[in-house]
1. Amide H neighbours of GLY12 under 5 Å, counting only residues 5+ apart in sequence or on other chains, H built in-plane at 1.01 Å?
2. Return THR36, THR120 ranked ascending by Cβ neighbour count within 10 Å, so the fewest neighbours appear first.
3. Quick one: length gained pulling LEU113 to TRP92 fully straight, 0.36 nm per residue minus the C-alpha distance?
4. Using alpha-carbon pairs under 8 Å, 6+ residues apart, how would you state the relative contact order of the stretch 13-120 in percent?
5. Each residue of the stretch 95-108 in order: what ³J(HN,Hα) in whole Hz does its phi give by Karplus 6.51 cos²θ - 1.76 cosθ + 1.60, θ = phi - 60°, with x for Gly and Pro?
Amino acid sequence: MNKDFKQTSRSGSLPWLLQRISAVILFVLLLLHFITYHFLSKGRAVNYQEIVAKAGSWWFPLLQFAFLLTALYHGLNGLWSVLEDYTANKFWRLVWYGLLLSVGAVLLFVGTLTIIKLYTLPVA
């Protein structure tokens with residue numbers, strides 16, 4: 001029996017695998033983020049000076065940037081998978097793809113600027 005499924009641009013197995021890998025990496029980075037912000041504060045609320053002090057270390061900006069990259073990839077890849085499944089017209093797929101790339105580039109730029117700004121702030 002031949003079903004008439006919509007044609008997609010690729011088989012989908014590699015994006016599916018990368019989505020699962022990015023989910024595991026995102027989970028680990030989220031745990032590190034939680035530990036850094038909440039558990040290392042000794043039971044009290046974390047204030048701005050403590051965050052700026054942590055940003056002075058070499059690992060903190062790398063952790064934040066890895067978290068940003070992984071979250072952006074995971075979210076945009078997941079959204080693209082859904083849009084690709086429900087958009088049959090190749091023109092609209094191209095429009096959605098360009099829009100997702102543009103939004104991703106803007107979010108990466110703003111997120112990277114925020115990390116750099118936090119990293120270069122003087123500790124008060």
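Laboratory data are not the source of any read-out in this text; all were calculated from the coordinates shown. Everything numeric in this text was worked out from a predicted model, so none of it was measured. So basically every Cβ, Gly included, is an ideal-geometry build from the backbone, and we count neighbours across all protein chains shown.
1. Amide H neighbours of GLY12: none.
2. Values: THR36 17, THR120 10.
Lowest count first: THR120, THR36.
3. 4.4 nm
4. Numbers: 51 pairs, mean separation 38.0, N = 108.
Relative contact order comes out at 35 percent.
5. 4, 4, 4, x, 5, 5, 5, 5, 4, x, 5, 5, 5, 5
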